[in-house]
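Reviewing the structure listed below.
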Amino acid sequence: MKFLINICRFLVGVLFIFSGLIKANDPIGLSYKMQEFFDLWKMSALDGIALTLSIAMIAFEIIAGVALLLGWQKKLISWLLLLLIVFFTFLTGYAYLSGKFSNCGCFGDCIPISSKASFLKDVALLVLILLLFFNRKHIQPVFATRTTRLLLLISAVLSLGIQWYTLHYLPVLDCLPFKVGSYIPDKLKVPANAIPDSTEITFVYEKAGKKMEFNADHFPDDFNDSTYKFIDRYDKVIRKGTNAIPEIRGFDFQNSAGTTITQDILDVGYAVLLFHEDRSIALNKWEKGFEGIYQSATGKNIPVYIISSLAPLVKQEIATTGFKDLEVLAGDRVMIRMAARTNPTVYLFKKGTVIGKWSYKNFDAALSTVKQLPAVAATTPKDTTVIDSLLKK
């Protein structure tokens, strides 16, 4: 039994550490997943603390896994692990049985697994942890108390330190569709192996005050009766497709005139885009760094834009900066959150391919790259506001 318990102890401990480290690479991604649950459960008031909860949960996973392997405070850790896995099993079970989540974020975006696989994984972990819980007498410390505490302290510092770094300087392991080297137009397409939803046209009619639905193959026998009143028709999904969603959605940018210029940006030789979700990070923390990028890029005839879901407010915010004349394009907030894991994040595109991305904490590196780019012929995306002003003259 002791040998079996030690095997379970190793498997559970390593899995918790691994799961925590994968999520520590992108804690803000887990916070977004938490917000999905909060919004679904009408608990949006908790959205503001989602990132704090994400950081704490990730740190606990890593520290608890280390503590289990070291045999520290076996009773306390057994209880905490049991409570945590019961909570996780509930979440993944809900995600799977409700069908409202395709991925619950158990291993972040780097190892996406289905909600069913997540649920089965947690059920297996629950069994293992229950075995540990009722046989914890066989769990013995590996090192002396002082060494154990030192190792736990190191694991705590590392778990929080990794998250601090990725929150300020972007994930170390980029597993998102916007990673360097990605050709964005391909990411906007439905995968080649996708199976679309199977639908049928459904008609809604009313007869004698009652609504009834039927498809083209099952009209009522007395349908010619004039008492049938047409109400509506819609496409009813009869079989759900698979993998029929593009990796990137909402990649559309509109200028102040409401004109979409996305394709123009993707077609141009080089383009610098600053993805700016909101104004949660003070302008003075990135203004100077971005101004250098802006001046260097425009000096080489490289178009520069800010992409924000709050375009009018951001335009007002930058009114006193050295880049006040910069076009601020309106973009989808969800897409921006995927692109900008730090707020803001600057991108360098070349004909639709991401060739560089930097956190606002690392704008010096972005400036260095832009300075090395060759000057290009002026290629500005079509802007109807400019055309209109010329026509008026």
Just the number, please: percent antiparallel of the DSSP beta bridges in the chain, rounded to the nearest 5.
80
Reachable lysines from residue 211, criterion Cα separation under 27 angstrom, eight or more residues apart if same chain:
229, 236, 240
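Taking Cα pairs under 8 Å and at least six residues apart, what relative contact order does the stretch 179-328 come out at, in percent?
Working: 182 pairs, mean separation 31.4, N = 150.
Here the relative contact order equals 21 percent.
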Just tell me which lysines come within less than 24 Å, Cα to Cα, of residue 288; anything on the same chain fewer than 8 places away is out.
300, 315, 324, 357, 361, 371
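If packing is taken as the mean number of other Cβ atoms within 10 Å per residue, what is the order of 337-350, 363-376, 65-78, highest first?
Details: 337-350: 22.7, 363-376: 15.5, 65-78: 19.6.
By packing density, highest mean first, the sequence is 337-350, 65-78, 363-376.
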Any idea which of 77, 53, 32 is furthest toward the positive side of the dipole for the stretch 1-95, if Lys and Arg beta-carbons carry +1 and Asp and Glu beta-carbons -1?
77
When the convex hull of the Cα atoms of the stretch 1-160 is projected onto a plane and the area is averaged over all directions, what value comes out in nm²?
9.2
Beta carbons within 10 angstrom, averaged per residue: use that to sort the peptides 280-289, 49-58, highest first.
49-58, 280-289
Reach of residue 137 by Cα under 24 Å, taken over lysines that are not fewer than 8 positions away in the same chain
2, 74, 75
If you bin the C-alpha pair distances of the chain every 20 Å from 0, what whole percents do you get?
22, 42, 28, 7, 0
Counting other Cβ atoms within 10 Å, keep those with at most 14, restrict to DSSP loop, and tell me which chymotrypsin sites (Phe, Trp or Tyr not before Pro) in the stretch 181-281 are left.
223
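DSSP H helices in the chain with Cα extent of 27 Å or more along the helix axis and mean Kyte-Doolittle hydropathy at least -1.0?
Numbers: long enough: 2-24 (32 Å, 1.73); 50-70 (30 Å, 2.36); 74-98 (35 Å, 1.56); 115-134 (28 Å, 1.93); 145-169 (35 Å, 0.70).
Counting only whole DSSP H runs, the qualifying helices are 2-24, 50-70, 74-98, 115-134, 145-169.
Give the shape of the stretch 24-102 as rounded, prolate or oblate, defined through the alpha-carbon gyration tensor: a ≥ b ≥ c are the square roots of its eigenvalues, a/c under 1.5 means rounded, and otherwise the shape is prolate if a/b is larger than b/c and oblate if not. Write down the numbers at each step before the final one.
Values: a/c = 2.40, a/b = 1.65, b/c = 1.46.
Judged from the Cα gyration tensor, the stretch 24-102 comes out prolate (a/c at least 1.5, a/b above b/c).
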Taking a quarter of the surface of the Cα convex hull of the stretch 328-368, what do you get in nm²?
3.4
For the chain, what is the calculated [θ] at 222 nm in deg cm²/dmol (nearest 500), taking -39500 (n - 2.57) for each run of four or more DSSP H residues and dividing by its residue count?
-15000 deg cm²/dmol
Would you mind working out the magnitude of the charge dipole of the chain relative to its Cα centre, with +1 at each Lys and Arg C-beta and -1 at each Asp and Glu C-beta, to the nearest 20 Debye?
1680
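Throughout, read-outs are computed from the coordinates displayed, never taken from laboratory work. Since this is a predicted model, take the numbers as computed values, not measurements. As a convention, Cβ positions derive from the backbone with ideal geometry for all residues, glycine included, and neighbour counts pool all protein chains shown.
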